[in-house]
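S.K.: Quick one: the structure is below, questions incoming.
The values are calculated or read from the model by the stated rules, or taken from the named source; none is laboratory data. Quick caveat: nothing in here was measured; it's all calculated off a predicted structure. Cβ placement follows ideal geometry from the backbone for every residue including glycine, while neighbour counts extend to all protein chains displayed. Quick note on the areas: whole protein, heavy atoms, side chains included, nothing else; ligands and nucleic acids left out. Shrake-Rupley method; radii C 1.70, N 1.55, O 1.52, S 1.80 Å.
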Amino acid sequence: MAEQEVIKHTKKIFGIWKTENSFLHKLSDFLLEIFIIVFAITLSIYFHDQSELRHQRKETKEFLLGLREDLKTDTVEMNDDKDSYSKAGYIFQYITNQKLKEVLNSDTINKYFHWIMNTTGLIPNNGRFEGFKSSGKIGTIENKELQNNIMDLYQEDIPSVITGTNAYIQRKEKLFDYLTANLKRITDTTTNFVSVLSTEQAFNICIGLNYVGQIMERYDSCISKARTIINEIDKEYGK
């Protein structure tokens with residue numbers, strides 16, 4: 001509609017000078033038509049910008065509400081991971097606190113067997129964030145504190161957790177290699193697993209596995225930041 005108005009009034013401008021009116025009258029009509037054209041263009045730009053802004057805010061809201069659900073899922077996983085590392089830290093401290101040539105208690109080892117042999121690492125639900133960031137839309141989050149917290153979580157805190165857990169898993173793989181090379185069956189249903197863990201070689205490997213404090217701290221930082229973001233999104237949209 002605005003485009004048609006501009007065309008119509010542009011034609012009028014050219015027609016003004018063909019009339020028999022006085023110069024001042026023509027000038028007055030000319031300036032009026034120019035004003036109408038400028039006003040129409042300005043109004044058109046304003047409504048277009050408002051439409052874009054509403055669309056942008058809708059996309060941002062959908063992203064943030066979806067991100068909130070991603071973070072709720074991630075915090076559950078992170079708490080489970082923390083529990084796993086807590087138990088791993090306990091059993092490896094037990095193993096490395098044994099005196100020289102002291103055989104480990106088989107009941108304790110069997111109880112914590114899963115946490116000796118498992119590997120735990122965070123797999124974040126970051127697809128939504130990565131897609132929104134790669135499309136250049138992160139800047140559309142008007143709450144800059146919220147924007148900064150999201151960027152910090154996904155670009156600093158989560159990578160820090162993954163780096164720490166990857167390093168721990170690499171150390172644990174040395175234990176797996178040692179166990180694989182030395183495990184033997186005693187009967188059809190038992191092995192020398194406890195005896196192998198009681199050796200000096202296993203002790204030396206397990207020393208690098210008994211401290212999980214830094215990993216736990218990194219998880220705590222992530223969980224705290226995720227909860228802060230969830231609360232900020234809730235405040236933003238009155239949830």
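S.K.: Count, please, the residues in region 212-239 that happen to be assigned to a loop (DSSP other than H, G, I, E, B) and within 25 Å of Arg171 (Cα to Cα).
M.R.: Total satisfying the criteria: 1.
S.K.: Looking at region 124-137, can you tell me whether even one residue there is among the hydroxyl-bearing types (Ser, Thr, Tyr) and without any contact (Cβ under 8 Å) to a residue 12 or more places away in the chain?
M.R.: Yes.
S.K.: If the requirement is being touching a Gly at 6+ places or on another chain (Cβ under 6 Å), in a helix (DSSP H, G or I) and β-branched (Val, Ile, Thr), which of these qualifies: Thr180, Thr165?
M.R.: Answer to the selection: Thr165.
S.K.: Also, quick follow-up: In this structure, does Phe30 turn out to be over 30 Å from Ile141 (Cβ atoms), over 53 Å from the mean Cα position of the chain (by Cα) and either surrounded by 13 or more Cβ atoms within 10 Å (Cβ to Cβ) or at pLDDT below 70 (or both)?
M.R.: Considered against the rule, which asks whether it is over 30 Å from Ile141 (Cβ atoms), over 53 Å from the mean Cα position of the chain (by Cα) and either surrounded by 13 or more Cβ atoms within 10 Å (Cβ to Cβ) or at pLDDT below 70 (or both), Phe30 comes out as yes.
S.K.: Right, another one. Please work out if Ile169 is surrounded by 13 or more Cβ atoms within 10 Å (Cβ to Cβ) and modelled with pLDDT of 95 or more.
M.R.: Here the answer is yes, as Ile169 does meet what is asked.
S.K.: Against the condition among the charged types (D, E, K, R), assigned to a helix (DSSP H, G or I), surrounded by 13 or more Cβ atoms within 10 Å (Cβ to Cβ) and over 15 Å from the mean Cα position of the chain (by Cα), how does Lys72 come out, does it pass?
M.R.: Against the criterion (among the charged types (D, E, K, R), assigned to a helix (DSSP H, G or I), surrounded by 13 or more Cβ atoms within 10 Å (Cβ to Cβ) and over 15 Å from the mean Cα position of the chain (by Cα)), Lys72 does not qualify.
S.K.: For region 154-191, name all the residues that are of a type in the set (S, T, N, Q) and within 30 Å of Phe132 (Cβ to Cβ).
M.R.: Those that are of a type in the set (S, T, N, Q) and within 30 Å of Phe132 (Cβ to Cβ): Gln155, Ser160, Thr163, Thr165, Asn166.
S.K.: Something else: For Gly89, indicate whether it is surrounded by fewer than 13 Cβ atoms within 10 Å (Cβ to Cβ) and of a type outside the set (A, V, I, L, M, F, W, C).
M.R.: no
S.K.: Hey, among the residues in region 124-163 that are at pLDDT 95 or above, surrounded by fewer than 18 Cβ atoms within 10 Å (Cβ to Cβ) and of a type in the set (A, V, I, L, M, F, W, C), which one's nearest to the chain's Cα centre (by Cα)?
M.R.: Only one residue tops the list, namely Met151.
S.K.: For region 196-216, check the following and say yes or no: at least one residue is open to solvent by 30 Å² or more (accessible area, probe 1.4 Å) and under 22 Å from the mean Cα position of the chain (by Cα).
M.R.: For region 196-216, residues open to solvent by 30 Å² or more (accessible area, probe 1.4 Å) and under 22 Å from the mean Cα position of the chain (by Cα): present.
S.K.: Sort out which residues of region 92-110 are crowded, with 17+ Cβ neighbours inside 10 Å and more than 27 Å from Glu217 (Cβ to Cβ), and write them in order of number.
M.R.: Residues satisfying the conditions are Leu104, Ile109.
S.K.: If Leu122 passes every condition in (1) part of a helix (DSSP H, G or I); (2) under 26 Å from Ala226 (Cβ atoms) but one, which one does it miss?
M.R.: (1)
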